[in-house]
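Below is one structure; the comments refer to it alone.
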Ligand SMILES: [Cu+2]
């Protein structure tokens, strides 16, 4: 059993780059409620499952997003113990009626993991819309990806509950697409050197709040926590008396032979 | 085998479980020196108030594996080991009557979600640590000491018995919005043909405090 703990710690150290005591991994699922943001009208759920091999399984189901459009999505926050949360209206510091990605950062933190569909997951892929999931024609987005432990930033699994899923992309002018005529050019994309990307494409649409947690792997059936060895059911004893006596006899023989120990009865 | 029979004798003479040598104090003295950490005992998220309309309830502790279980009402104070899944997909169980196991496939005790501890009702001729689990009443405290040094104190909310054939997987392992604890052992009739108890006893508890 100690060996198992040791192995777990070493695995954690090698794969995730941490072996701090008290951060041993529990395979658990964090259930996240994705709540509307910037009047997007969207809704969704996310389940982040820390697998026992250190990998992270991310499942997201959202609806009422801008249809046929990519939605940049990230885990925001940090593992430094900061208490991040989803922004409230006061976060709209420029008062334009929308909380931009930048305005939200003081509340939900910087991009920690980019939830791309393939390849790199670092902050650098934050605006890689060609690798972001696309909502279908009815605005439903389905995302499932298992990210190998080796690709996760240190501490991700231990701090799953401190991170916030944020999905971006709204349709402010209701024309069914991202366009520059609605809110102009994306300030965060421009700051990153990407010109011509609509602000609609990068404004947050959904922010995840941790709503619960469950077992990450569910055992089959009941648990075999008892062997009946102290049971003396009168009703059943009658039928099992010969067997019980035989066991007692064998046990007694075994013990007297091995230790010259006689049962005190 | 010998130890088991000796324990049975002890059980009838001392009227205590196999842990009769341990003090039944509410403040466990057991410590794991190799795991103690000076700094991480004051995590920022301890007892974080539900800021900005949090969707979770009650006190939540950061993740930290358990080292010891104390149940004052049952005079239980025992070490906790890790349990995984057996090759057939069922939960592993402790290898002796006394030790209680923490299922590593679920949250750590005190953090959000259901933490699972399993112990035998009897094993190898001895009464198990969880032999009297059904004696627990609503409100009884259960304390779990963790590797970060914090002690998570839970209160019993429900004691239930379920047929293993219809084990309520969702209720025991499924998502919850608070830090919960489930103690699992066996109960009901013993099926000698199959060699196992027909039922599981599950004690449900909710975190009250962590310090
Ligand atoms: Cu984001």
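A few notes on this one:
- At 0.692 mPa s and 37 °C, Stokes D of segment B:87-137 from Kirkwood alpha-carbon radius, µm² per second: 271 µm²/s
- Segment B:70-112 and segment A:141-201 have their alpha-carbon centroids 41 Å apart.
- Applying D = kT/(6 pi eta Rh) to segment A:30-213, where Rh is the Kirkwood radius over alpha-carbon pairs, T corresponds to 10 °C and eta to 1.306 mPa s, the Stokes-Einstein value obtained is 98 µm²/s.
- Sequence of B:64, A:62, A:217 once ranked by neighbouring C-beta atoms within 10 Å, starting from the fewest: A:217, A:62, B:64
- For the peptides A:182-190, B:145-153, residues were scored by their other Cβ atoms within 10 Å and the scores averaged per peptide; the highest-first order is B:145-153, A:182-190.
- Antiparallel content of DSSP bridges confined to segment B:61-210, in %, to 5: 80 percent
- Paramagnetic reach from residue A:94 (point 7 Å along Cα→Cβ, amide N under 12 Å) across segment A:180-209: A:183-191, A:199-200, A:203
- Counting DSSP beta bridges with both ends in segment B:116-185, the antiparallel % (nearest 5): 70 percent
- Note on A:191-200: average number of Cβ atoms from other chains within 10 Å of each residue's Cβ is 0.
- Cα centroid separation - segment A:45-88 against segment B:144-211, whole Å: 30 Å
- Order of A:122, A:229 - criterion: other Cβ atoms within 10 Å of each residue's Cβ, fewest first: A:122, A:229
Taken together, the values in this text are just the output of simple stated rules run on the coordinates, not laboratory data. These numbers were taken from a predicted model, which means no experiment stands behind them. For neighbour counting, all protein chains shown are included, and Cβ atoms are generated from backbone atoms with ideal geometry for every residue, glycine included.
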